[in-house]
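Asker: Sharing a structure below in structure tokens format, with a few things to ask.
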Amino acid sequence: MTPLNVLMVGTGEYTTGFVGGGMSTSDKKIGVVGLTLFDLRRRGKVGKLSMVGTSGSKYSAIREHLQKNISSVYNNLDVSFDSFPSDITSRDPNAYKTAIDALSPGDAITVFTPDTTHYPIALYAIERRIHVMLTKPAVKLLSEHQTLLHEARKHNVFVFIEHHKRFDPAYADAKARAKALGNFNYFYSYMSQPKFQLETFKAWAGKESDISYYLNSHHVDICESMVPDYKPAKVTASGSKGTAEDLGCAPGTEDTISLLVEWVKRDEPGRRATGVYTASWTAPQKAGVHSNQYFHYLASHGEIRVDQAKRGYDVADDSQGQLMWYNPFYMKYAPDEEGNFNGQTGYGYVSFEKFVDAVTAFKDGRVTLDELDRRGLPTLKNTIATTAILEAGRRSLNEGRGVEIVVGEDGSWDLR
């Protein structure tokens with residue numbers, strides 16, 4: 001097995017844990033993308049690593065941060081990477097093209113950048129036969145999603161959406177159990193993060209994207225994966241405002257967004273279901289959890305409730321001034337007994353390993369793109385309903401009406 005070369009597109013919190021000149025104050029203090037790929041390289045699954053942002057001048061501080069908080073903590077884990085643009089370049093918004101051009105067909109990229117940039121970056125890579133992992137949401141527009149799907153098949157590359165909640169053990173188990181509970185009837189979800197996150201997000205919150213794209217995308221995708229026999233038919237959205245604006249976000253930025261979605265069974269249109277998905281980034285500062293998250297699934301022969309906010313694990317820490325509920329099931333940062341990174345079972349890590357393993361198997365001829373779709377992975381084909389619902393929700397808010405989702409006999413999707 002030849003290790004996969006990977007370019008990390010984006011240098012922010014999720015990739016490095018480095019924000020605003022220093023370590024993030026969130027639960028991602030040392031990031032997820034970089035740490036996971038550095039460890040996958042240690043394990044022989046990943047080869048050459050590179051990273052690209054829009055500014056080269058911060059790489060010196062990023063390298064120092066990674067060396068101090070990752071390499072020194074985990075047995076001198078190799079945190080080296082090639083960087084684009086150069087360290088002396090103040091700003092180059094098109095540096096991703098130079099970085100992708102430095103790859104070879106069959107290499108891969110991870111894209112963790114603002115939502116509006118996903119489409120041009122992914123398309124540029126796909127056209128050069130580079131495999132792609134996109135953070136959620138894949139893209140903001142249904143038309144862009146369908147274009148990427150077409151181009152990925154045309155150029156024979158794998159595109160994976162980083163919907164890591166699919167690999168949360170409780171959520172994955174719930175999905176499996178739901179199959180035996182009969183027809184889908186009702187789904188309700190809630191996910192929030194504390195207000196301090198808006199300090200990180202205010203550069204784009206309410207301008208380039210919203211809280212529904214950011215957090216509702218998780219549970220909409222979970223619901224889509226649980227009910228493949230159903231398709232969304234109509235979305236009506238509602239949003240609250242005021243708090244985010246008070247905290248300095250752009251005028252009109254929603255605090256909380258709820259999506260009301262009508263679902264229809266594909267082969268039995270008389271059977272309908274309702275989904276309500278709510279997300280907020282104005283939860284209390286001292287909520288004790290970084291992400292409050294739960295859902296309720298009701299079917300004709302049973303129901304499932306999953307509450308993943310507190311997980312039965314709390315820590316009293318005087319420095320925090322409150323009781324805290326941590327989530328080591330997402331990313332486990334404690335080293336093992338030998339001092340190595342020990343978070344390989346965290347669903348944040350598993351998501352990346354699934355992508356790397358899938359690309360490697362595809363390149364080796366052990367699996368086809370169709371087979372990867374059938375495995376239920378969050379591929380472009382398996383997440384199109386999520387993109388349709390999220391865009392329909394945004395349009396519903398903008399236009400003050402319900403938005404219909406139409407699936408044609410040829411498999412094409414449209415909003416009306």
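The values are calculated or read from the model by the stated rules, or taken from the named source; none is laboratory data. As the structure is a prediction and not an experimental result, all values here were calculated from the model. For neighbour counting, all protein chains shown are included, and Cβ atoms are generated from backbone atoms with ideal geometry for every residue, glycine included. With ligands, DNA and RNA removed, areas are computed over all heavy atoms of the protein, side chains included. Shrake-Rupley method; radii C 1.70, N 1.55, O 1.52, S 1.80 Å.
Asker: Assuming Tyr186 fulfils every condition listed in (1) farther than 21 Å from Tyr294 by Cα; (2) open to solvent by 40 Å² or more (accessible area, probe 1.4 Å); (3) of a type outside the set (A, V, I, L, M, F, W, C); (4) in contact (Cβ under 8 Å) with a residue 40 or more places away in the chain apart from one, which condition is it?
Answerer: Only one criterion is unmet by Tyr186, namely (1).
Asker: Using beta carbons and a limit of 9 Å, which pairs, at least six apart or on different chains, have the first residue in segment 304-329 and at positive phi and the second one open to solvent by less than 70 Å² (accessible area, probe 1.4 Å) and of a type in the set (Phe, Trp, Tyr)?
Answerer: Every condition considered, the pairs that remain are Arg311/Trp325; Gly312/Trp325.
Asker: Scan segment 329-340 and tell me whether some residue there is open to solvent by 40 Å² or more (accessible area, probe 1.4 Å), closer than 28 Å to Lys179 by Cβ, modelled with pLDDT of 95 or more and part of a loop (DSSP other than H, G, I, E, B).
Answerer: Checking segment 329-340: not a single residue is open to solvent by 40 Å² or more (accessible area, probe 1.4 Å), closer than 28 Å to Lys179 by Cβ, modelled with pLDDT of 95 or more and part of a loop (DSSP other than H, G, I, E, B).
Asker: Look at Gly288 and say whether it is under 25 Å from the mean Cα position of the chain (by Cα), part of a loop (DSSP other than H, G, I, E, B) and at pLDDT below 95.
Answerer: Criteria met by Gly288.
Asker: Quick test of your reading of the structure: Ser300 fulfils all but one of (1) under 16 Å from the mean Cα position of the chain (by Cα); (2) open to solvent by 20 Å² or more (accessible area, probe 1.4 Å); (3) under 30 Å from Gly408 (Cα atoms). Name the failing condition by number.
Answerer: (1)
Asker: Something else: For residues that are in contact (Cβ under 8 Å) with a residue 60 or more places away in the chain and aromatic (Phe, Trp, Tyr), tally how many sit in segment 214-249.
Answerer: 1
Asker: Oh, and also: Filtering segment 68-93 down to residues that are in a loop (DSSP other than H, G, I, E, B) and among the small types (Gly, Ala, Ser), which residue is nearest to Asn5 (Cα to Cα)?
Answerer: Ser80
Asker: I want to confirm something. Restricting to segment 94-117 and keeping residues that are closer than 16 Å to Val33 by Cβ and in a helix (DSSP H, G or I), which single residue is least open to solvent (accessible area, probe 1.4 Å)?
Answerer: So the residue we want is Ala99.
Asker: I need the full set of residues from segment 357-416 which are in a loop (DSSP other than H, G, I, E, B), open to solvent by 10 Å² or more (accessible area, probe 1.4 Å), of a type outside the set (S, T, N, Q) and under 30 Å from Ile211 (Cβ atoms), in order please.
Answerer: Gly376, Leu377, Gly400, Arg401, Gly402, Arg416, listed by residue number.
Asker: Now for a separate question. Within segment 341-356, how many residues are of a type outside the set (Gly, Ala, Ser) and assigned to a loop (DSSP other than H, G, I, E, B)?
Answerer: Looking only at that region, the number is 4.
Asker: Right, something else. Name every residue in segment 34-63 that is within 14 Å of Gln344 (Cα to Cα) and assigned to a loop (DSSP other than H, G, I, E, B), in order of residue number.
Answerer: Arg43, Gly44, Lys45
Asker: Considering only residues that are touching a Lys or Arg at 6+ places or on another chain (Cβ under 7 Å), outside any helix (DSSP H, G or I) and surrounded by fewer than 23 Cβ atoms within 10 Å (Cβ to Cβ), which ones fall in segment 5-33?
Answerer: Those that are touching a Lys or Arg at 6+ places or on another chain (Cβ under 7 Å), outside any helix (DSSP H, G or I) and surrounded by fewer than 23 Cβ atoms within 10 Å (Cβ to Cβ): Asn5, Met23.
Asker: Could you list, in sequence order, the residues of segment 118-157 that are touching a His at 6+ places or on another chain (Cβ under 7 Å) and either crowded, with 22+ Cβ neighbours inside 10 Å or part of a helix (DSSP H, G or I) (or both)?
Answerer: Selection gives Ile126, Leu134, Lys136, Ala138, Val139, Val157.
Asker: So, one more: Do we find a residue being within 21 Å of Ala203 (Cα to Cα), open to solvent by less than 30 Å² (accessible area, probe 1.4 Å) and in contact with a helix residue (DSSP H, G or I) (Cβ under 9 Å, 6 or more places away or on another chain) anywhere in segment 40-54?
Answerer: Checked segment 40-54: at least one residue is within 21 Å of Ala203 (Cα to Cα), open to solvent by less than 30 Å² (accessible area, probe 1.4 Å) and in contact with a helix residue (DSSP H, G or I) (Cβ under 9 Å, 6 or more places away or on another chain).
Asker: Next question, about the same structure. Residues of segment 199-239 being modelled with pLDDT of 95 or more, of a type in the set (Gly, Ala, Ser) and open to solvent by 50 Å² or more (accessible area, probe 1.4 Å), which ones?
Answerer: Within segment 199-239, just Ser238 meets the criteria.
Asker: Another question, if that's okay. Being without any contact (Cβ under 8 Å) to a residue 60 or more places away in the chain and either closer than 19 Å to Val111 by Cβ or surrounded by 20 or more Cβ atoms within 10 Å (Cβ to Cβ) (or both) is the filter here, so list the residues in segment 344-356 that pass it.
Answerer: Result: Gly346, single match.
Asker: Just one of the numbered conditions (1) under 17 Å from the mean Cα position of the chain (by Cα); (2) under 30 Å from Thr368 (Cα atoms); (3) not acidic (Asp, Glu) is not true of Tyr190; which one?
Answerer: (2)
Asker: Go through segment 160-205 and give me each residue that's of a type in the set (Lys, Arg) and under 17 Å from Tyr347 (Cβ atoms).
Answerer: The answer is Lys165, Arg166, Lys175.
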